[in-house]
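The values are calculated or read from the model by the stated rules, or taken from the named source; none is laboratory data. In this text the structure is predicted, and so the values were computed from the model without any measurement. Here the Cβ positions follow ideal geometry from the backbone for every residue, glycine too, while neighbour counts run over all protein chains shown.
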Amino acid sequence: MTDTAHATSRPGPDYAKAAKDALLAGIIALGIFGPLVGLKTEQNMSNELIVRNDMASALIIVAIVMAGRFLLSAFVFPRMGARGKKPTVANAIDEGVKPDRTKLYARLGLLLLFLYPIIVVSLLGFQGSLKWVDNFGIQILIYVMLGWGLNIVVGLAGLLDLGYVAFYAVGAYSYALLAINFDLSFWVLLPVAGILAAMWGVILGFPVLRLRGDYLAIVTLAFGEIIRLVLINFRELTNGSAGISSIPKVTLFGIPFDASPDGFAKMFDLPLSSAYYKIFLYYLILLLALLTAYVTIRLRRMPIGRAWEALREDEVACRSLGINTTNTKLTAFAIGAMFAGFAGSFFAARQGFVSPESFVFMESAVIVAIVVLGGMGSMIGVAVAAAAMIGGTELLRELTFLKAVFGPEFNPDQYRMLLFGLAMVGIMIWRPRGFVSARQPTAFLFERKAVSGSLVKEGHG
Amino acid sequence: MEIFLQQLINGITLGSIYGLIAIGYTMVFGIIGMVNFAHGDVFMVSAFIALIFFLVLTTWLGIASVALALFLVLIIAMVLTGLLSWSIERIAYRPLRGSFRLAPLISAIGMSIVLSNFIQVAQGPRNKPTPPMVRDVIVLTDSNGYAVTLSYKQIIIMVTTAVLLAAFWYVVQKTPLGRAQRACEQDRKMAALLGVNVDRTISLTFVMGAALAAVAGTMYLMYYGVVNFSDGFVPGVKAFTAAVLGGIGSLPGAVLGGLLIGLIETFWSGYFSIDYKDVAAFSILAIVLIFMPQGILGRPEVEKV
């Protein structure tokens with residue numbers, strides 16, 4: 001008796017229904033991918049646009065969609081339904097009791113980061129290490145720093161800023177223009193760039209104080225675009241879309257990294273190599289990123305950090321408890337912008353060239369994606385997401401065998417943003433709180449509550 | 001005076017296109033309160049669909065009549081774009097209803113990135129120029145060597161927009177579907193209790209918005225004769241500005257806002273500087289959102305705790 005009941009409550013996969021779903025999905029996919037992938041518009045020899053038939057690739061995609069839909073309908077969805085969709089309170093309590101290993105992981109990661117250039121150099125030599133330190137190390141750390149900076153605004157204060165890259169641009173252009181026109185050193189201009197960016201954070205933050213949610217996001221996007229368009233059109237100052245080149249490099253407290261007698265290599269009697277400068281830059285951006293992390297962690301435990309988190313959870317409650325939301329929001333904008341300014345001046349010094357091309361909306365979207373994927377508010381999550389997304393796409397470029405599979409024109413760079421977008425959508429659907437979700441309030445009365453913050457609906461802050 | 005008249009004609013044409021896109025934003029915002037960030041890219045994809053089928057119809061199938069080809073292209077683009085938008089809603093937005101507040105917006109931003117980069121990968125990053133489809137112009141006045149012209153394609157755009165808006169207005173005001181939409185807009189839970197299929201209504205809203213965006217996309221392709229994978233972002237933002245300016249959630253508001261944005265943009269480029277025309281558009285967006293978020297025809301929003 002009980003056996004039959006058991007059997008009917010958990011039937012085997014319903015293949016007929018799955019096949020029907022797959023067929024429907026296939027028809028829809030054919031409608032969408034058939035023309036867009038199967039019919040390629042190209043210019044022929046006489047510059048006329050013609051259509052080339054490439055139905056084979058479209059049909060491959062349709063087949064993949066159908067297979068995926070079949071598997072989802074037959075196996076994944078029923079299992080998900082049986083297991084229950086939402087985590088229960090009991091699960092949350094278990095999670096709360098689990099020993100907190102975060103600190104240990106953070107320390108190990110930190111050690112690895114400090115040893116990374118040494119490991120790479122000892123494995124590959126100075127020349128071989130260039131790519132790994134520059135393309136991977138520095139590139140990832142810039143995004144880690146930007147992610148941590150934006151994390152203050154989005155993750156802690158809950159203000160979705162889609163124009164964050166504008167402050168990055170302010171930092172980069174401040175350094176570039178002041179270094180070229182006034183011949184000031186990086187170490188003087190780093191704080192200046194930070195202060196200027198923070199000032200812009202306040203200037204742009206002030207008008208949007210009354211806005212929340214979607215409207216705030218769109219207005220910050222508009223501000224970001226306005227700053228970029230002004231950089232393009234204000235040619236007298238910024239040299240327009242051609243950009244500013246030959247920006248001075250960073251010096252090690254006055255010791256330049258070049259072939260001159262005062263240069264780093266000569267001074268320490270080492271063979272000339274550009275690797276020293278890269279390794280130096282690596283440690284510089286690592287320290288800057290760690291400064292961001294340190295300040296964020298300390299601020300979280302101060303009244304202002306608590307106010308940010310309260311603001312994220314519920315703005316109305318915040319105000320009725322006497323928190324000055326104006327100051328709270330403006331400090332979040334200013335401090336977030338300041339770190340973007342630091343990162344921007346580092347970026348300008350590292351590239352030696354800035355142009356408005358580097359500060360398009362997509363760049364903002366990438367940073368937002370990193371913060372979102374990492375789990376808003378989680379420092380380690382953001383770092384992991386930056387490493388995965390930036391390093392992952394760099395790695396994709398290294399994989400030469402992919403060219404053999406997809407043909408010689410295969411350019412992984414093109415797929416980079418596509419993957420970013422898909423990851424953003426996917427994460428929102430499966431884990432809206434990100435890889436490492438941390439919405440636990442850092443402040444609690446007497447004891448941690450049994451119900452985790454992740455289960456409570458966020459307020460309309 | 002001639003310049004004024006010419007810019008007025010150009011502005012209304014451009015404004016019609018923005019208005020058509022803006023309706024998609026305003027309806028979706030009205031019914032589920034989310035900014036469909038990917039709508040601009042849906043518009044761009046529709047222009048690509050129109051381009052592909054225009055080429056297929058004229059070169060492969062040898063349809064000589066441009067009018068017939070354009071009409072068929074319009075229908076195909078509306079259907080396929082509607083299908084695309086339906087799938088997007090199903091995959092990326094529906095599972096997020098009831099998630100935290102910023103989740104749908106973030107998902108929509110992701111979808112926007114996916115769409116533009118998908119087109120870049122699938123159709124190539126280059127501009128896609130088409131030969132002019134409709135060439136004839138009517139010279140309205142011709143004094144001092146400055147001719148004010150009204151081209152046939154501008155007439156087509158204005159007439160198509162007017163006809164479709166009328167049809168659309170009828171659907172929303174007089175049909176059961178429109179009634180269900182307005183019910184969902186007012187109170188989704190209550191509408192569901194009274195037997196309205198909320199999921200279906202929301203899906204159809206997305207489809208309708210996308211179909212109008214497809215009209216805009218076809219018109220855009222015909223008007224400018226060129227389309228690129230990155231063409232969705234700026235028109236999308238401008239159309240969103242139009243929707244907010246007109247009062248988000250209001251259909252006549254979206255059209256009015258679209259016309260205003262189109263006119264402001266053309267007059268700005270005609271009288272001030274063409275370099276800063278996008279700065280003007282983005283500034284209007286910021287100013288409207290900050291100082292009059294309820295728009296011209298919208299209702300003021302009261303926040304409930």
Residue under evaluation B:Ile91, criteria (1) part of a helix (DSSP H, G or I); (2) more than 11 Å from chain A (Cβ to nearest Cβ); (3) among the aliphatic types (A, V, I, L, M); (4) free of Cβ contacts under 8 Å to residues at least 24 places away in the same chain, criterion not met: (2)
Being within 24 Å of the chain's Cα centre (by Cα), closer than 25 Å to A:Leu196 by Cα, of a type outside the set (D, E, K, R) and in the same structural domain as A:Gly171 (by TED's automatic domain parsing) is the requirement here; does A:Leu299 meet it? yes
Tell me whether the range B:62-73 contains one or more residues that are closer than 26 Å to A:Ala365 by Cβ and of a type in the set (Phe, Trp, Tyr). no
Which one is farthest from B:Met208 (Cα to Cα) among residues in the range B:94-118 that are at the interface with chain A (Cβ under 7 Å from one of its Cβ atoms) and hydroxyl-bearing (Ser, Thr, Tyr)? B:Ser99
Test B:Leu212 against the stated conditions and say whether it is at pLDDT 90 or above, away from chain A (no Cβ under 14 Å) and either closer than 24 Å to A:Pro207 by Cα or buried (at least 22 other Cβ atoms within 10 Å of the Cβ) (or both). yes
Test of understanding: among B:Val159, B:Val73, B:Val163, B:Val121, which residue is under 24 Å from the mean Cα position of the chain (by Cα), within 8 Å of chain A (Cβ to nearest Cβ) and either at pLDDT 80 or above or surrounded by fewer than 17 Cβ atoms within 10 Å (Cβ to Cβ) (or both)? B:Val121
Can you name the number of the only condition in (1) within 12 Å of chain A (Cβ to nearest Cβ); (2) outside any helix (DSSP H, G or I) that B:Asp142 fails? (1)
Does B:Ala280 qualify as being of a type in the set (A, V, I, L, M), within 10 Å of chain A (Cβ to nearest Cβ) and touching a residue at least 12 places away in the same chain (Cβ under 8 Å)? yes
Can we say A:Arg301 is of a type outside the set (S, T, N, Q), farther than 28 Å from A:Met428 by Cα, surrounded by fewer than 22 Cβ atoms within 10 Å (Cβ to Cβ) and within 14 Å of another protein chain (Cβ to nearest Cβ)? no
If you scan the range B:127-137, which residues turn out to be assigned to a loop (DSSP other than H, G, I, E, B) and either farther than 21 Å from A:Ser46 by Cβ or within 23 Å of the chain's Cα centre (by Cα) (or both)? B:Asn127, B:Thr130, B:Pro132, B:Met133, B:Val134, B:Asp136
Quick check on the range B:236-246. Is at least one of its residues assigned to a helix (DSSP H, G or I) and farther than 30 Å from B:Asp187 by Cα? no
Counting only residues that are modelled with pLDDT of 90 or more and either polar (S, T, N, Q) or within 13 Å of A:Val371 (Cα to Cα) (or both), how many does the range A:137-150 have? 8
Residues that are touching a residue at least 40 places away in the same chain (Cβ under 8 Å) and of a type in the set (D, E, K, R): find the helices (runs of 4 or more DSSP H) completely inside the range A:295-398 holding 2 or more of those. A:303-313, A:325-351
Here are the criteria: (1) more than 25 Å from B:Ile9 (Cβ to Cβ); (2) touching a Phe, Trp or Tyr at 6+ places or on another chain (Cβ under 6 Å). Tell me which single one B:Val244 does not satisfy. (2)
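So in the range B:124-139, with the set limited to residues that are buried (at least 16 other Cβ atoms within 10 Å of the Cβ) and β-branched (Val, Ile, Thr), which one is nearest to the other protein chains (Cβ to nearest Cβ)? Show your work before the answer.
Taking the range B:124-139 as the starting set, the residues that turn out to be buried (at least 16 other Cβ atoms within 10 Å of the Cβ) are B:124, B:128-130, B:133-134.
Of the ones still in play, those that are also β-branched (Val, Ile, Thr) are B:130, B:134.
Numbers: B:Thr130: 6, B:Val134: 17 Å.
So, considering only residues that are buried (at least 16 other Cβ atoms within 10 Å of the Cβ) and β-branched (Val, Ile, Thr), the one nearest to the other protein chains (Cβ to nearest Cβ) is B:Thr130.
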For the range A:25-54, give me the residue count where each residue is surrounded by fewer than 14 Cβ atoms within 10 Å (Cβ to Cβ) and in a loop (DSSP other than H, G, I, E, B). 5
